[in-house]
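See structure below.
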Amino acid sequence: MTTFAELGLPTETLSAVESAGYGDPTPIQAQAIPCALEGRDIIGIAQTGTGKTASFTLPMVALLSKGRARARLPRSVVLAPTRELAAQVAENFTLHSFNTKLSMALLIGGVSFKEQLARIENGVDVLIATPGRLLDHFERGKLLLSGVQIMVVDEADRMLDMGFIPDIERIFKLTPFTRQTLFFSATMAPEIERITGEFLSNPVRVEVAPPASTVDKISHEVKQFKPTRKISAFKEKRAILRNLLEELDGKVENAIIFCNRKNDVDILLKSMSKHGIDCGAIHGDLDQSIRTNVLGKFREGRIRYLIASDVAARGLDIPTVSHVFNFDVPTRAEDYVHRTGRTGRAGRSGFALSIATPGDGKLIDAIEDLVGIELPREEIKNPSMRPASGGSAGREDARVEGPSGAAEGKIARASKKPAGVASKKPKKVDRRPAAAREPARDEAVVGMGSHVPAFLLRSIQ
Ligand code: AMP
């Protein structure tokens, strides 16, 4: 086993490693750090959780500690796809350079231009940025990239997903071709190969397996249910999630709940809050101050459930998540690995629960192929399927099928509150025109197929 001392890092960087509490280098660090110290370009194929951030921050600190920054001319640039990831890289830098005089600026959206400009004006050694914000500063003439000696591209595959590749190419062209480039990506899509072929010079390729935790330390489970109807699937899923959280109450220390769409993150947040569940949410459209605040509270244990989209949560270092819930099965199998990689970290065991509907079968097959294990599946009863009771109010929308897919032929009826549970308050009469009223709780929208106007669906539970 290699030690940090054998990687060629200078004494002051080694003492930063020691105070960070790291033991031995991770495989990506053991392979990348010596090559980076030699000035080589690197393609690092590694995911979050492998220690990849330190594999570029440590050699950068070592390489940049000689020399001084000049106004508006950063000596190095690190590009990250999201604000949170950029902020996390900055945290790593602060940790790894605490005993040096290196200066750093973080250029991310949602933070005042003025403060960022003042830093650049003073001269920075390390500029950590999201691509859009970096180009904004460049276009305003406040920043020159002609002094960049080292450029890092982190999570390039995510940059590709987010449409940042043209920005990255532009930034590459604004930096001197003599720069050293450290390029990290979890996967090597053809477009990523093309970029590395064009902008990297004789790179060393280092590749490490995804963090083993995904397979070894995590109990996976898929809870399958069949929605009564397509338009009520979202609402029924929310009820299922609440039931699961209730069932697991004593076991869930904290959890991230992933949705595939930002809009659904918002709706789920409202719904869970309405049910008195302690939660917060992050996604890419939320204001930076809100995201930072929510994330801080979640880290400190002041929020128990974090509802998140993939982009917002990718790479976040939250070491103590006990459970990951996939409210939606991710459409890309590799997102499953990223999501569930939030749990089962640092020697802890973790739990990943996915709620699946029949249409998710192919996605689950793809996940199983990728992670190489079979995900245990359990059919669960749809809480909306209530047993038939007397009366003649059977409705077409209430016909349900059993989890096996075979129609059971039962007619489930919209729930009626048992006597004595009804509110004592006099019923409030909604005097708005019928079309403007929201459907009451548990009341299905009948006869409109999937063409239900949005305002009717606004009743969130
Ligand atoms: P990363 O893959 O860069 O997101 O790192 C994941 C986590 O591993 C972070 O909390 C790092 O602080 C931690 N870490 C990085 N390198 C080491 C190491 N050599 N030993 C122990 N922990 C590490």
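Taken together, the values in this text are just the output of simple stated rules run on the coordinates, not laboratory data. Just so we're clear, the structure is a prediction, and the values are computed from it rather than from any experiment. For neighbour counting, all protein chains shown are included, and Cβ atoms are generated from backbone atoms with ideal geometry for every residue, glycine included.
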With a 10 Å Cβ neighbour count serving as the proxy for reagent exposure, in which order, fewest first, do Ile28, Ile192 appear?
Ile192, Ile28
Taking the beta-carbon count within 10 Å as an exposure proxy, list Glu246, Glu368, Glu6 from fewest neighbours to most.
Glu246, Glu6, Glu368
Could you work out how far the C-alpha centroid of segment 32-51 sits from that of segment 69-140, in angstrom?
21
Among Ala281, Leu269, Ile303, whose Cα sits farthest toward the positive end of the charge dipole of segment 259-307 (+1 at Cβ of Lys/Arg, -1 at Cβ of Asp/Glu, about the Cα centre)?
Ile303
Ranked highest first by average number of other Cβ atoms within 10 Å, how do 162-173, 111-122, 227-238 line up?
227-238, 162-173, 111-122
Report the net charge of residues surrounding Val111, where surrounding means a beta-carbon distance below 13 angstrom and charges are Lys +1, Arg +1, Asp -1, Glu -1.
+1
Cα-Cα over 23 Å, subset of Lys237/Lys297; Lys235/Lys270; Lys237/Lys381
Lys237/Lys297
Taking the Cα centre as origin and putting +1 on Lys and Arg beta-carbons and -1 on Asp and Glu beta-carbons, what dipole magnitude results for segment 58-140, to the nearest 20 debye?
340
For segment 250-300, what is the charge dipole size about the Cα centre, in debye to the nearest 20, if Lys and Arg each add +1 at the Cβ and Asp and Glu each add -1 at the Cβ?
80
